[in-house]
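For reference, the structure is listed below as structure tokens.
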Amino acid sequence: MDWKNKHFEREAVFQAQRDLVFEAARSFAAESLAGWQLADTSDGFEARGHSASHAATAKFRIEPAPFGTKVAVTLLVERAGPLGFMLFDVGGYYDRQMSKWLEGIQWHLHQGLTSTTQPESSAQARQAIPKPAGTQRLYVGCLVALFVFPLFLYCVSAVVGLLTGNLYLVGRRGGTIHGPWARIISGISLTIFVLIGLRVLKTRKKARGQT
């Protein structure tokens, strides 16, 4: 088991020549993977960026197939992130992402093949663009809340402990620490929270700087 990266794989065969499929896949990645850095490889291209607060690398391998051109996508997502450690793909988020990528490539390929024979109006084109599902945004919001809310409770408890010398332990067993130890532990906890917050801000600024 790879404890550094979580691996995902998907593939699909498109009934078109390799150069057309490559152009469609490259165009889709450039438009849809905002903030990701793209680089061509010997058998396709790869994209590096962040997804759901985790650093990720997507490798698109494009090669001829018996009935067209096969696009094989390998996604490596770093398990450790600013919001915690990812042991498994909760709700199949990344698996759905890769399915949408392949659907997006199919759409771009279709647009490229039909634009020369039957141009669409701008309104029709906007309607055809695949949009992220609301359940996807809901999942990301729930995932963030799952990590942020406990941190908020611990942060409040640490502030109270630092000011009053009474540190209330949040959890099933609970408990209270009094005196100097309460202030020491509270100070250490707040320092950790500040470092986590700075790390998240640094990651977001880095992602925005790449756009």
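The values are calculated or read from the model by the stated rules, or taken from the named source; none is laboratory data. In this text the structure is predicted, and so the values were computed from the model without any measurement. When we count neighbours, we look across all protein chains shown, and the Cβ atoms used for this are built from the backbone with ideal geometry, even at glycine.
ALA55: in contact with a strand residue (DSSP E or B) (Cβ under 7 Å, 6 or more places away or on another chain), in a strand (DSSP E or B), modelled with pLDDT of 90 or more and closer than 30 Å to LEU195 by Cβ, yes or no?
It is true that ALA55 is in contact with a strand residue (DSSP E or B) (Cβ under 7 Å, 6 or more places away or on another chain), in a strand (DSSP E or B), modelled with pLDDT of 90 or more and closer than 30 Å to LEU195 by Cβ.
Given the conditions (1) surrounded by 13 or more Cβ atoms within 10 Å (Cβ to Cβ); (2) among the aromatic types (Phe, Trp, Tyr); (3) under 30 Å from ALA80 (Cβ atoms), which single one is not true for TRP3?
Among (1) surrounded by 13 or more Cβ atoms within 10 Å (Cβ to Cβ); (2) among the aromatic types (Phe, Trp, Tyr); (3) under 30 Å from ALA80 (Cβ atoms), TRP3 violates only (1).
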